[in-house]
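Worksheet for the structure shown next.
No lab work stands behind these numbers, since they all come straight from the coordinates. Fair warning: this is a prediction, and the values are worked out from it, not measured in the lab. We place every Cβ from the backbone using ideal geometry, glycine too, and count neighbours over all the protein chains shown.
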Amino acid sequence: MNNRPVEQALATLLPTHAQDLPQELLSLAISLVAQSRSFSSSLKPEEEIARPYACAEIACKRLTRALKLPPLLGHPPCPPRAYKNLYAFLDRSLSTGISRASASAPGTPSRAGSAPSTPRKGTQRTPSKTAATATPRGLQQQQQHHQQNTPTKSTPLKRALSHTDNDKPSPSPRPQKIPKFRANGLSGSTIIPDAPSWVMTSIRTVCKTLSTPAPRMSTWSRPPISRTLPPHIFAGVSSILYMISEATAKHDEEIDEEMMEFLEPVITAKDKENDEDFKDIINALIVAVYFLVLARRRQPGPSSTGDSAEAVEAKKMDKKTFSEMRQTALVSLGLPSTERRHREDVDQWIALVMEQGWAHGKEWFENVPLAGELDGDERDLG
């Protein structure tokens, strides 16, 4: 059996473990797929596409406690209603046949008839905003290049915004000349417009805050290397804003209606220097890109083969550390800690960037040095 779809599904659900998926988790997911085919060999086309993803999610849920897995990211590759029914059917059908495997995770809840594990939000991007419940998301190391270049088809990010026919978003200004694209997704002569001038100020604030030693904080949660990241983060934010304008202008089918609603403050902003909704959502993007760049910067290079499995495991950013760093970064930008929606926005951005392939394989991201490679002023940090 081709295990690649299962591996891709797990990498999408657990991007922090994409480079070293736990063997127990992978084996369980593959086993669930095989068992599901034994009692349901034929599904509707849209359900068949989502079978590996559903089995992977079931495996993650059943081993969450045993493997101390972080909350899941990603979205299923089929419509939410179809996926909900498929997940419930498979979860019920596979519940008895896999009891021994799940015994290693006592007390781990198994969802039946639940919706995909993505954040559901009731945010109204108007002058009055309502926060919704969010689950902190951890982010450590990123998927390998070949894994991220084959993302699953996106389904709605769970943000329900008011959206009327009279409020159709207009795309942001785009460069006039779009030459032929290279394999990395950006042309050598494509002009990427810079993000608004205040973005670099926000980036430097975040990086300075997260590189400054603090009580009870280690260099893992306050990495000095953060001081070298602003140029990479600015390039990332600028590139992502450009790719958003390209995708929305072309009415890309990968950008569905609910994603458009999440991006609405970005797409419809007129005054990007003073629009508070725009600045809030971009500040959340800055924090999201910070974590993507930091994870890339900490990723061992091809020559880094000496680390033991235990050392690599120890280097992963746990959920608590991620949540604390995320909150500290948001507060440094003047976003109140009492408003959960800002934390949710960071998580949404991370999921969106990964699913749309706006990081891995793109020039701005590939230019971020791997661990052990010097980057600009970093040689002076010692």
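Here are a few things to note about the model shown:
- Too-long pairs where the Cα-Cα distance tops 20 Å, listed order kept, from Lys279/Lys362; Lys61/Lys319; Lys44/Lys84: Lys279/Lys362
- Here the dipole of the range 4-102 is about 280 debye; that uses its Cα centre as origin and unit charges on the Cβ of Lys and Arg (positive) and Asp and Glu (negative).
- Options His75, Ser40, Ser93, ranked by Cα towards positive dipole end of the range 4-102, top entry (Cβ charges): Ser93
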